[in-house]
């Protein structure tokens with residue numbers, strides 16, 4: 001069972017530590033406990049959490065609402081739940097415009113926290129399922145397949161060879177760049193100028209190659225650090 005990663009963004013250290021204890025007891029992995037926008041941004045980019053618990057008021061000039069907009073504009077946006085104390089209606093209305101996955105009033109109660117997180121993650125996963133189909137064509141047949149059916153992509157002149165689990169090889173006319181733009185960045189990464197892989201399907205790797213099923217796929221030197229880091233975190 002996946003251990004979900006959660007980022008806490010809370011400028012009151014005692015509250016942040018209490019929430020972290022609740023989350024750890026519930027089996028979640030806390031990837032950071034930030035007190036400011038700047039600190040939260042660094043952790044979000046480096047750790048790629050599954051959910052963010054976000055205080056509206058933070059230490060520094062930027063607020064939790066500012067960070068909510070950062071999450072929405074990121075290449076890999078994830079759900080966030082606002083943590084609120086008694087604040088004015090104007091701030092609440094601004095917060096609603098960011099479409100959070102929920103609100104929790106302080107003081108934070110353990111049961112309410114766990115329930116809100118469970119619902120937010122469940123809703124997010126279901127929303128993603130609705131957006132996980134990609135349309136392909138080999139010039140004769142048309143396909144609409146889930147992203148997770150794709151093992152890897154291989155550039156082949158004016159075509160892209162799409163290697164799938166169930167549908168075999170599909171020769172899609174177009175460029176690798178065009179295909180990448182249609183794929184969720186959290187699941188796929190380019191390892192070489194001619195290859196893009198589904199990270200989940202990687203079963204072996206070293207500094208030069210990775211393996212998906214029986215296919216050995218090269219890792220270019222310029223992409224090595226990013227590729228291996230992403231695989232190790234998946």
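The values are calculated or read from the model by the stated rules, or taken from the named source; none is laboratory data. All values reported here derive from a predicted model rather than from experimental measurement. Quick reminder, even Gly has a Cβ in these numbers, built from the backbone with ideal geometry, and neighbours come from all protein chains shown.
Is it the case that residue 117 is under 30 Å from residue 13 (Cα atoms) and within 21 Å of the chain's Cα centre (by Cα)?
When the stated conditions are applied, residue 117 passes them.
Just name the residue that is surrounded by the most Cβ atoms within 10 Å (Cβ to Cβ) out of those in the stretch 1-18 that are under 20 Å from residue 84 (Cα atoms) and in contact with a helix residue (DSSP H, G or I) (Cβ under 7 Å, 6 or more places away or on another chain).
Selected residue: 9.
Among the residues of the stretch 96-123, count how many are surrounded by 16 or more Cβ atoms within 10 Å (Cβ to Cβ) and within 15 Å of residue 77 (Cα to Cα).
Residues flagged as surrounded by 16 or more Cβ atoms within 10 Å (Cβ to Cβ) and within 15 Å of residue 77 (Cα to Cα) within the stretch 96-123 amount to 5.
Please go through (1) over 30 Å from residue 182 (Cβ atoms); (2) within 17 Å of the chain's Cα centre (by Cα) for residue 42 and return the number of the only condition it doesn't satisfy.
Failed condition: (1).
Which of the following residues is touching a residue at least 24 places away in the same chain (Cβ under 8 Å), in contact with a helix residue (DSSP H, G or I) (Cβ under 9 Å, 6 or more places away or on another chain), more than 25 Å from residue 125 (Cβ to Cβ) and crowded, with 18+ Cβ neighbours inside 10 Å: 35, 71, 81?
Among 35, 71, 81, only 35 is touching a residue at least 24 places away in the same chain (Cβ under 8 Å), in contact with a helix residue (DSSP H, G or I) (Cβ under 9 Å, 6 or more places away or on another chain), more than 25 Å from residue 125 (Cβ to Cβ) and crowded, with 18+ Cβ neighbours inside 10 Å.
Are any of the residues in the stretch 47-63 surrounded by 14 or more Cβ atoms within 10 Å (Cβ to Cβ), assigned by TED's automatic domain parsing to the domain that holds residue 98, in contact with a strand residue (DSSP E or B) (Cβ under 9 Å, 6 or more places away or on another chain) and at positive phi?
yes
Surrounded by fewer than 18 Cβ atoms within 10 Å (Cβ to Cβ) and over 25 Å from residue 186 (Cβ atoms): does that describe residue 93?
yes
Among (1) in the same structural domain as residue 37 (by TED's automatic domain parsing); (2) farther than 30 Å from residue 209 by Cα; (3) not in a strand (DSSP E or B), there is one condition residue 139 misses while meeting the rest; what is its number?
Unmet for residue 139, out of (1) in the same structural domain as residue 37 (by TED's automatic domain parsing); (2) farther than 30 Å from residue 209 by Cα; (3) not in a strand (DSSP E or B): (1).
Specify the residue that is modelled with the highest pLDDT; the eligible residues are those in the stretch 154-182 that are surrounded by 14 or more Cβ atoms within 10 Å (Cβ to Cβ) and assigned to a helix (DSSP H, G or I).
Taking the candidates together, the pick is 176.
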